[in-house]
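Here is the structure we will look at.
The values are calculated or read from the model by the stated rules, or taken from the named source; none is laboratory data. All of these numbers come straight from a predicted model, not from anything done at the bench. Cβ: placed from backbone, ideal geometry, glycine included. Neighbour counts: every protein chain shown. When the accessible area is computed, the model is the full protein with side chains, heavy atoms only, and any ligands, DNA or RNA have been set aside. Shrake-Rupley method; radii C 1.70, N 1.55, O 1.52, S 1.80 Å.
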Amino acid sequence: MAEKLSARLRVEARGGAVDLAAYDPRGTPGGPKGKAAGLAGIQEMRARLAELQERLFAQSAVGGDPRRVLVVLQGMDTSGKGGTVKHVVSGLNPAGLRVRAFKAPTAQERRHDFLWRVRRALPQAGEIGVFDRSHYEDVLIVRVHDLVPRSVWSRRYAAINRFEQSLAESGVSLLKVFLHISPEEQRARLLARLERPDKHWKFSPDDVFERERWPAYREAYEAVLARCSTEAAPWYVVPADRKWYRNWAVSRLLLEHLEQLRPAYPQPDLDVAKYRRLLLAT
């Protein structure tokens, strides 16, 4: 039996540490042989993903099954969180899909615990939720920019693990993906935005200054991957320099997670013959 991609990309913190230098951002581990095959593979997976999503939604709507899926996407700017959402879930039914892009906390959100806004955005039973950024920003950007004391953010790793454990116990299957991009590829993508007037709206001067903090972000991400990759909610590192592989890999990981849930159409106690006769009589 072929090794599952999830087993290959799953983070295993060896000695309690993760070194992102061990992961090649341009790699294609377990992937198809080339871009054309990767794009074809994405197309092939869409029908299966849509079928499994419908089963998940149906068994909740009729059978009361509490299970749902939450995809968490994290990565440096231009790693492709939005593009991944666009390409991976484009074939899914919006009725069973909940996508949330987390920005800087609002004044109301800052008055609450850092997990408050996350709890409000969770998928309901039968849904697939996608977070573009997430509660991990509170141990990433908060740490890098020194927005709160170390004594505050350092306690959040344990709080996040408890939170995710409680989600898993309540029927949430978590798929946490770190989109691993190189600084060279990020520079190329930022330059491409400057060269196209229709992409200028996506460019922020802050993107240039944030690059100066690349080592600090890398250290922060390594801490997240080491401290918050648990049995209930493991992290997966997806090389993101090649967009086609990134989209293929996240599609494959989502497919494997849904297949593991084995959602099935409910079988209600329905007298089909009776209602067929009634309909034909109208």
Expressed as a percent, the portion of alpha-carbon pairs in segment 125-244 spaced more than 23 Å apart is 42 percent
Per the charge dipole of the chain (beta-carbon charges, Lys/Arg positive, Asp/Glu negative, Cα centre), the residue among G129, V177, V18 reaching farthest to the positive end is G129
Expressed in angstrom and rounded, the centroid-to-centroid distance over alpha carbons for segment 262-276 and segment 52-119 is 30 Å
Residues of segment 77-91 with backbone N under 14 Å of the label point set 7 Å from the Cα of R211 along Cα→Cβ are 77-79
The chain: longest segment with zero exposed trypsin sites (Lys or Arg not before Pro), where exposed means DSSP loop plus at most 11 other C-beta atoms within 10 Å, is residues 156-282
FRET efficiency (E109, K274; Cβ distance; R0 41 Å; to 0.05) is 0.20
Which of P197, P123, P215 fluctuates most in a GNM of the chain (C-alpha springs under 10 Å)? That residue is P197
On the accessible surface of segment 49-186, probed at 1.4 Å with all protein chains in place, carbon and sulfur together account for a percent value of 50 percent
Cα convex hull volume per residue for segment 213-258, in Å³, equals 73 Å³
Given unit charges at Cβ for Lys, Arg (+) and Asp, Glu (-), the dipole magnitude of segment 1-142 about its Cα centre in debye, nearest 20, is 180 debye
In the structure shown, of K4/K202; K4/K243; K33/K103, the pairs separated by more than 32 angstrom at the C-alpha atoms are K4/K202; K33/K103
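Given a 1.4 angstrom probe, I'd like the percentage of the accessible area of segment 239-282 that is carbon and sulfur, rounded to a whole number.
Roughly 53 percent, rounded to a whole number.
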Residue-ordered couplings for segment 41-49, obtained by feeding phi - 60° into the Karplus form 6.51 cos²θ - 1.76 cosθ + 1.60 and rounding to whole Hz (Gly and Pro as x), are x, 4, 4, 5, 6, 4, 5, 5, 4
Projected convex hull area of the chain, Cα atoms, direction-averaged, in nm², equals 19.7 nm²
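Let me know the shape class of segment 28-167, please: from the alpha-carbon gyration tensor, a ≥ b ≥ c as square roots of the eigenvalues, rounded when a/c is under 1.5, otherwise prolate if a/b is greater than b/c, or oblate. Show your work: numbers first, answer last.
On the way: a/c = 2.41, a/b = 1.41, b/c = 1.71.
Since a/c reaches 1.5 but b/c is at least a/b, the shape of segment 28-167 is classed as oblate.
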Residue-normalised value, i.e. accessible area per residue, for segment 75-169 at 1.4 Å probe, in Å², stands at 48 Å²
Expressed as a whole-number percentage, the relative contact order of the chain with C-alpha contacts under 8 angstrom and at least six residues apart is 35 percent
Between S151 and Q124, Cβ-based FRET efficiency (R0 30 Å, step 0.05) works out to 0.25
